[in-house]
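Please read the structure below before turning to the comments.
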Amino acid sequence: MKKKALLLTLTLSISSMTFAGPCEDHRGKNVRTKSINKLNLTQEQQKSFEAIMQTKKESMKAAKNVVDADTKIELAKVLTSEQMQILEERQQQRQGNMKKRKHMRHE
C-alpha cells in the first residue's frame with residue numbers, strides 16, 4: 001500500500017511539474033506581457049523584468065530535471081524494470097496528450 005501511495009504521489013508530482021512555453025491564462029493571453037502592461041514598466045525595466053523571469057524559468061527547468069532524475073533513481077530501487085517501463089510509457093502518453101491539448105488551444 002505504501003509503495004502504491006508513493007508511486008501515485010511521485011507520478012502526480014512529476015506530471016504536474018511540466019513546464020512548457022510562456023505562461024498563459026485561461027484565454028491564451030501571455031501572463032508576462034499582461035504583467036508588463038499592468039505595471040507600466042519603462043523600456044529598461046521591461047528588459048530587466050524579462051531577464052529575471054527568463055532566469056527564473058531556466059532555474060525552474062533545471063531544478064525539475066534534477067528532481068525528475070532523482071525520482072527516477074528512487075523509483076528504480078522500488079519498482080521492477082517492467083513497472084518502470086510502464087510508468088515511463090504512461091508519462092510519455094501524458095506529455096503527448098498535454099502537447100496535443102496545448103496545440104489545439106493555439107489553433
Test: residue in the stretch 45-59 that is assigned to a helix (DSSP H, G or I), more than 22 Å from Asn30 (Cα to Cα) and among the basic types (Lys, Arg): no
Selection from the stretch 65-89 of residues that are at pLDDT below 95 and among the basic types (Lys, Arg): Lys72
From Gln95, Gln83, residue being in a helix (DSSP H, G or I), surrounded by 13 or more Cβ atoms within 10 Å (Cβ to Cβ), more than 19 Å from the chain's Cα centre (by Cα) and not charged (D, E, K, R): Gln83
Verdict on Ala69 being of a type in the set (A, V, I, L, M) and surrounded by 11 or more Cβ atoms within 10 Å (Cβ to Cβ): no
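The values are calculated or read from the model by the stated rules, or taken from the named source; none is laboratory data. Just so it is clear, the structure is predicted and the values come from calculations on it, not from any experiment. When we count neighbours, we look across all protein chains shown, and the Cβ atoms used for this are built from the backbone with ideal geometry, even at glycine.
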